[in-house]
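Colleague: Have a look at this one before I ask anything.
Read-outs: derived from the displayed coordinates by stated rules, not from any lab. Fair warning: this is a prediction, and the values are worked out from it, not measured in the lab. Glycine gets a Cβ as well: all are built from the backbone with ideal geometry, and neighbour counts include every protein chain shown.
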Amino acid sequence: MPKVDFDRDSVYQQVYTFAPNAIALVSMDGTIRRVNPSFYPTLGYKEQEAIGLTLKEITHPDDLNKVNALIQEVLNGNSLFYELEKRCIQKNGNLIWASVRLSLVRDDKQGTPLYFIVHIIDISDKIATEQKLLKIEELYELISENAQDIITLVNSDGNIEYLSPSVRDLLGYDPEELIGKDSSQLNHPEDLEKIRSEPFSDNEVVTYRSRHKNGTYIWFETAIKLIRDDQGRLLKVLGIGRDITERKKYQDNLAEAQHIAMLGSWELDIIDDKITFSEEFYQIFNLFKNNLPSNPTDLSFMIHPEDQQRFHEFIDQAMQGTTISSEFRNLQLDGTIKYMQIRVSVTFDENGNPVKMNGTTQDITERKKVELKLQESVERYTSLKKYNHDAIISLDVKGRIINTNEMAERLTGYKVIEMRGELISKFIGERNLRRLLSYSIEDVTTERKINKIRHKDGHHVEVLTTIAPIIINKENVGYYVIAKDMTEQKQLLIAKETAENTNKAKSEFLAMMSHEIRTPMNGVIGMTDLLLTTTDLDDEQKEYVEIIHKSGNTLIKIINDILDFSKIEAGKTELQDQPFDIRDCIDDTLAVLMPKAHEKKLDIQVSMITELPYKLIGDYDRVKQVLMNLISNAIKFTYSGGVSIKVENNGRENQKLRLKFSIKDTGIGIPKEKLNHLFDPFYQLDSFMTRQSEGTGLGLAISKKIVGLMGGDIWIEQTGEPGATFVFTVWFKEEVSYQEDSSLQEILFIQKPLKVLIAEDNPINQLVLKKMIEKMGHFTSIVENGNQVIQALAYETYDIIFMDIQMPVLNGFETTKQIKETIPPDKVPYIIAVTANALKGDREKCLEARMDDYISKPIKSEVIFDRIEKFQKTQRREINGGVYK
């Protein structure tokens, strides 16, 4: 390319250097020979990088033909420059849209082409805006062309400027037939008069009729938007109308039905504090639309003054989410009273806030009048109907029998006809007759005195008597004597005492059997536990020991289930109220069951309400027992998938919280024919001969009893999904608790070995306890009876005593009593009762004897560990400045 010869201070040089747009000098073969400084911010190439590039290299391949055509046009044309829009490739590979202006420089003498001057302007933003507007335009056209509603644009003169194609389907016209016409030609005359008298307001929704091409009228609901200029002058009216003809027919039919049923409806918008009434509502209450109270949202204006307090309570109850119905009186303007049946329901948003209240009001005045008359006619028979299962004798004010019933015949041995006209003293005695005639409702001694009725054969029947005055027109005209035969109740009382004696004998037998079975089982389970944890066994020996250990645990579980069920059946189970965290209860349950779940590769999920209190008051052990039964069953009968535990708020009442627990598994499920027997005692899904799982079949029966004791219920939900879902509810007392910061106490507490005294007369149990405790790093001493305990404490100080209850010479209760009476309180060890019994009252007896804790045999390592840790936590709370008190 010939060298460009121009002076650096020339105008051309100034334009070239300081131009805001990229400029390149390109040789005739398309190679860039020179670029100005703006080339770099536009395409990313510095001058030395750009020199040697070709136009082809910075042009999108799809635009090369346009560039070549432009060059050819420049070479052939007479214009000074030519321009096109194309995509350019920046140095980093990105694409930009650019306006490219191409001009040709020729030799002044011969006109020979010398080089091209190329101006490149980045127009990417402009192109993007144009494309966006094009898409919006296309979208508006698509909506307008396919909208089911009619879109109308009317100018300030009322002439139609635009109609969407949907007008063909809805009104039968082509848009072209109506554009330019007066829009009022389509309105129903009645609606047109209303429109002219009440001009549209902005963003209003109006209902009116439009004429179809066939002459009929269609009801439309149209949203109006007024378009104004900067000075507020109306330019156009945009309307979007929807066919509501069918809805209008339904509304008219509903209004007619409400009129027939004398049923009015209303809707309260709680957010906007607005209320709307149906036409029939105004008719029922004889109200005019323009004569409502100043605050129509106060619905109590409809209610009789004496009923308004109850109405406010009624509305408050509805605001809790309950659909309710009740009767109220309405005081009409003329002083008459109407009776109304009002039904209310409230709609809530996703956050639980009330947003809308819907109600119906039905005039039941005529029905109520009939009910009141009926009530008056049967009022004299109310007492008789109430006590119709017993002997009923009606008397006049002198005590003569007017009438009796069949039960009175059985009680006295006389026929009704024989008793009529007789004085009641024939059956209850003269003294009781005098008491009866002076009877007053406040004095119940007369009823108590009439406790026998003489039978026809001479014997007396023991009865429970009730006396009711007969009131007619506010006057006492006689009495009803209602006598219940207590013969059967006496027999039942005797049977009850016999059963209680039998239960007492059974409880004593169970206590004895519990002790006799648990004592040797303590040795079996304890020694196998020690074998597994302290002895180096080969695989075969370990398998045998694990079988013994598992069998022992299974036997103990069976014994526990039977004892638990027996206690509950006998009504001897008492709940223990104590504060605890339900999260801990679930964690402790899962800690026992997770190994089995992991073994089966099951997924265990737990979800709880976020507002669950940290402290609830209830029976921790019983709740855990129910959870253990249900979750272990779910794991047992699930072979793939998992188990989910969900805890939900099921209501609050009187400072009590009801929790709902759901245990859902993906297991084998439960056949429908088995559902009715699930909670029966000793019932199992598998038959005795073919069942695959072990157990007594008491788990669900016990769970049902426990849940019932805690005021809840338990059931299985039918979800239509694989597996089974068990649900139970339990009531807890709520306790306001504070999260104590025990971190400092934990830091200051120094763990140290404890000195433990084992008071046990059975050698095997001595060895079991000794090995378990010493394995935990503590020191032990052993004594065999209570006297030896007292002697040991005289020479040594101990932290804990594991005290067997049934020791020779001096038992555990008597030993504890002597310790508490003779040793200073700060020297008394922590006493844990050890008993082979597991019946009602054992734990209470130990605590009443001033023992500190209680465990039952057979003893397991984890139980011993738990009690020792509990003792240590107690000591931590007693630390004062890092030193034991």
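Colleague: Place the peptides 198-208, 115-125 in order of packing, highest mean first, counting for every residue the other Cβ atoms within 10 Å and averaging per peptide.
Modeller: Packing proxy ranking, top to bottom: 115-125, 198-208.
Colleague: Further question: SER345 to GLU47: extension gain in nm, 0.36 nm per residue of separation minus the Cα-Cα distance? All intermediate terms of the calculation are to be shown ahead of the outcome.
Modeller: Values: separation 298, 0.36 × 298 = 107.28 nm, distance 7.82 nm.
Roughly 99.5 nm would be gained on extension.
Colleague: Using amide H atoms built in the peptide plane, which far-off residues or other-chain residues are under 5 Å from ASP713 H to H?
Modeller: Counting only residues 5 or more places away or on other chains, the set is THR729.
Colleague: May I have the extent of the alpha carbons of segment 147-243 along their three principal axes, as whole Å values ordered from largest to smallest?
Modeller: Reported extents, whole Å, longest axis first: 41, 26, 21.
Colleague: Further question on the same structure: Using Cα positions and a limit of under 16 Å, work out the lysines in reach of LYS601, with same-chain residues fewer than 8 apart set aside.
Modeller: LYS636
Colleague: Collect residues whose amide H, placed 1.01 Å from N in the peptide plane, falls under 5 Å from the amide H of THR780; neighbours closer than 5 in sequence don't count.
Modeller: The list, which skips near neighbours in sequence, is VAL756.
Colleague: Calculate the spin-label point distance for THR17 paired with ASP107, positioning each point 7 Å from the Cα along the beta-carbon direction, and give it in nanometres.
Modeller: Distance between label points: 3.0 nm.
Colleague: Moving to a separate point now. Could you name the aspartates and glutamates in cross-link range of LYS775, using Cα to Cα under 19 Å and dropping any fewer than eight places away on the same chain?
Modeller: Output for LYS775: ASP529, ASP536, GLU760, ASP799, GLU862, ASP866, GLU869.
Colleague: Give me LEU178, LEU226 sorted ascending by neighbouring Cβ count inside 10 Å, so fewest comes first. Don't jump to the answer; show the numbers that get you there.
Modeller: Details: LEU178 20, LEU226 15.
By the 10 Å Cβ count, ascending: LEU226, LEU178.
Colleague: Taking 2.2 N^0.38 Å as the expected size of a compact globular protein, what ratio does the Cα radius of gyration of segment 747-884 give against it, to two decimals?
Modeller: 1.01
Colleague: Computed FRET efficiency, Cβ-Cβ of HIS459 and TYR282, R0 60 Å: what is it to the nearest 0.05? The partial results should precede the final answer.
Modeller: On the way: r = 73 Å, r/R0 = 1.21.
FRET efficiency, HIS459 to TYR282: 0.25.
Colleague: Sticking with this one: Using θ = phi - 60° and the Karplus form 6.51 cos²θ - 1.76 cosθ + 1.60, what ³J(HN,Hα) does each residue of segment 198-211 get, whole Hz, x for Gly and Pro?
Modeller: 10, x, 4, 10, 5, 6, 8, 10, 10, 10, 7, 10, 10, 7
Colleague: Could you list, in their original order, any pairs among LYS542/LYS752; LYS755/LYS857; LYS456/LYS496; LYS542/LYS870; LYS496/LYS660; LYS542/LYS674 whose Cα atoms are separated by more than 28 Å? Write out the running numbers ahead of the final one.
Modeller: Numbers: LYS542/LYS752 33 Å; LYS755/LYS857 22 Å; LYS456/LYS496 31 Å; LYS542/LYS870 32 Å; LYS496/LYS660 36 Å; LYS542/LYS674 39 Å.
Long pairs (Cα-Cα over 28 Å): LYS542/LYS752; LYS456/LYS496; LYS542/LYS870; LYS496/LYS660; LYS542/LYS674.
Colleague: Cut-off under 18 Å on the C-alpha distance; same-chain residues fewer than 8 positions from LYS369 excluded. Which lysines are left, in chain and number order?
Modeller: Within the straight-line cut-off, LYS369 pairs with LYS338.
Colleague: Additional query: By the gyration tensor of its Cα atoms, with a ≥ b ≥ c the square roots of the eigenvalues, what is the shape of segment 380-489: rounded for a/c under 1.5, prolate for a/b over b/c, or oblate?
Modeller: Judged from the Cα gyration tensor, segment 380-489 comes out rounded (a/c under 1.5).
Colleague: Which of the three applies to segment 592-636, rounded, prolate or oblate, going by the alpha-carbon gyration tensor with a ≥ b ≥ c and a/c under 1.5 meaning rounded?
Modeller: Oblate is the answer for segment 592-636, as a/c is 1.5 or above yet b/c matches or exceeds a/b.
Colleague: Among all lysine pairs in segment 11-129 that are eight or more places apart or on different chains, how many have alpha carbons less than 28 angstrom apart?
Modeller: Summing the qualifying lysine pairs gives 14.
Colleague: Can you list the HN-Hα couplings for segment 223-236, worked out from phi with the Karplus curve (6.51, -1.76, 1.60; θ = phi - 60°), rounded to whole Hz and with x for Gly and Pro?
Modeller: The phi angles translate into 8, 9, 10, 8, 9, 10, 8, 4, 8, x, 6, 5, 9, 8 Hz.
Colleague: How big is the shadow of the Cα convex hull of segment 11-129, averaged over all directions, in nm²?
Modeller: So the mean shadow area of the Cα hull is 7.8 nm².
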